[in-house]
Amino acid sequence: MEKLTEIFYKNVRKNSRPVYLSLDIDFTPEYNQVIYYEPSYNTLLNCYIKEHYLEICQLLDGIGKTFCYFPQKALEIGKSALSYYAPSMSGHHKINNNHVDFYSKIITPYFVDYKPSKPALLRFDSKEFENGKYCYKFKCFQFDEDESIFCQFKYYASKAEDSVTMSCITTDIDEEYDADNHFNSDINNIMHDVREKVDKLRQLGVDEAVLKTLIEPDTKPSRMIITKDFRILLPDFNNMEINMSPLPKAVYLLFLKHPEGILFRNLPYYRDELLDIYLKLTDRETGTVIMKSIEALTNPKENSINEKCARVREAFISRFNEKTLAKYYIINGEYGREKKIMLDRNLVVWE
């Protein structure tokens, strides 16, 4: 097997300085993604990567990393990812992924002060304060054109650190718990696991930036239809249905009926209305278990309402982009203020 020369090892040390990208970049970096970057098109490396793409992916997968080669990402974009960012598009819609200058559009404009002069592998390291502003810090490995490409990939895999595992930070429950005060922390704790599932289901991270070069994401919310049997349909998104279990759906319909919003401290005043909605959803009679659930949901000293708001958020962000579309549909609000759904009620039809 070919060996790397001493000159290569010296160049690696010399060219191993970190690079910084602006926080304005079109994607949120992931610790396990290894991004191929080139300042200008390199025929040799691109040909090699295209011919040996699966081998490179397997090599990096062995150390818990995902290889991000933008041209290949464009080819891998499936219907599920397309509908996630542009749910109004037809299932038969095709995107043109030819002749797209990925590197200049996705990364090049966002380098801070210094960018690699040669093709390189970039891996997110941390978010740091650099030159008077916060930036994304990437570890950078630059290729040497005089050395074996395969050996350089293998060397990189042998030196890359193990994947960083982000753990969910749990919050101790106060003796005097206040759902309003814990609204964001409770939801963030629950949504951490939800986002992990969504990340596996949808194409996020670097793939999000690739999508933005190929399509114009939907930013306009769809109309919403609440059917007679309380199904939630979005007709402008190919009649997409949003599914929830009865308790989160009852909470959602309650907030949908109150565009002015609801203060958590006033939840007990909405107990009868919430119970009425829930019974219509389930076609059940009032019982001890049901009453306990409704009482817990409308008790601002318990976290049940925050858990249900998180499940509502999960129902929407699992179907389309959280930043551009889901924000219109979820229940949200600042501490001490009314929690509400942003969606214009002129877009809501109750059958």
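Rule-based calculations on the coordinates, nothing more; no lab input. The model shown is predicted, which means the values in this text are computed figures rather than measured ones. Here the Cβ is made from the backbone with ideal geometry for all residues, glycine too, and neighbour counts use every protein chain on show.
For residue 13 and residue 296, what does the FRET efficiency come to when R0 = 45 Å and r is the distance between their Cβ atoms, rounded to the nearest 0.05? Each step should come with its number before you reach the end.
Details: r = 60 Å, r/R0 = 1.33.
Given R0 = 45 Å and the Cβ-Cβ separation, E is 0.15.
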Which links in 301/327; 133/323; 133/308; 220/339; 139/220 stretch past 29 Å when you go from one Cα to the other? 133/308; 139/220
Answer check: region 1-50, Cα atoms, Kirkwood Rh, Rg/Rh ratio of 1.03
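Once the Cα gyration tensor of region 276-315 is found, what semi-axes does its equivalent ellipsoid get, as square roots of 5 times the eigenvalues, in whole Å, sorted largest first?
19, 14, 6
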Hey, if you drop one equal point scatterer on each alpha-carbon of region 254-351 and run the Debye formula without solvent, what base-10 log of I(q)/I(0) do you get at q = 0.14, 0.22, 0.25 Å⁻¹? -0.58, -1.31, -1.45
From the phi of every residue in region 249-263, what ³J(HN,Hα) in whole Hz does the Karplus formula 6.51 cos²θ - 1.76 cosθ + 1.60 yield, where θ is phi - 60° and glycine or proline is x? 5, 4, 4, 4, 5, 4, 5, 5, 6, 10, x, 6, x, 9, 6
Describe numerically, in nm with one decimal, the distance between label points set 7 Å from Cα along Cα→Cβ at residue 150 and at residue 63. 1.8
